[in-house]
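Here's the structure, in structure tokens; my notes come after.
The values are calculated or read from the model by the stated rules, or taken from the named source; none is laboratory data. Nothing here was measured: the structure is a model prediction, and the numbers come from that model. Please note: Cβ atoms are built from the backbone with ideal geometry, for glycine as well, and neighbour counts cover all protein chains shown.
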Amino acid sequence: MISSHYETLGLNSDCSLEEIKKAYKEKLLSSHPDKIGDESSSVEVNKIQEAYKVLCDVNLREKYDESLKKQYKHQGFLGSGDGLDDYSLDEFYFNPAIMEYCMDCPRCHGKDGFHFSEETLEEHAQEKSKDGFQVFAQCSACSLWLKVNFDLAEEYEQV
Ligand SMILES: [Zn+2]
């Protein structure tokens, strides 16, 4: 999978221009071929420069965000979910303060990028052909969709 410009710079999709500039400098320093003496890192530097060029330009960034959204949508949700990464509900933790299952986003690393309540699980769960259930969840930061698999717990059986 191709990484986004945000991933290249290790940023969230809602980051500020200052954060982009800072991340760019840091990434560039740590990836410079002269510094780590590795030819392959020049590819990395190109990616970093390309990412910076797009993200530091308000208009280019806007267009890029739009294309990302389309790309993420296209990656599966409007279908059977094929092509989405599978996750288990076991990888989420339950946050009692907001009564929701939470997980950091594997793509943008947004804290609790994924979160949903038991009600959401019950409403949107789809029975899989073989065993267990699945729901689709979307990252609130980068709009990544993924599939969350879980078994039918006893408490759901009356629903
Ligand atoms: Zn995300």
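Answer yes or no as to whether Val148 is at pLDDT 85 or above, touching a Leu at 6+ places or on another chain (Cβ under 7 Å) and within 16 Å of the ligand (Cβ to nearest atom). In short, yes. Each residue in the range 113-142 was checked for being part of a loop (DSSP other than H, G, I, E, B) and more than 10 Å from the ligand (Cβ to nearest atom), and 6 pass. Within the range 90-135, being in contact (Cβ under 8 Å) with a residue 60 or more places away in the chain and in contact with a helix residue (DSSP H, G or I) (Cβ under 8 Å, 6 or more places away or on another chain) holds for Arg107, Cys108.
Pull up the range 29-48, narrow it to residues that are closer than 27 Å to Cys139 by Cβ and surrounded by 14 or more Cβ atoms within 10 Å (Cβ to Cβ), then point me to the one that is modelled with the highest pLDDT. Of everything passing the filter in the range 29-48, Ile48 is modelled with the highest pLDDT.
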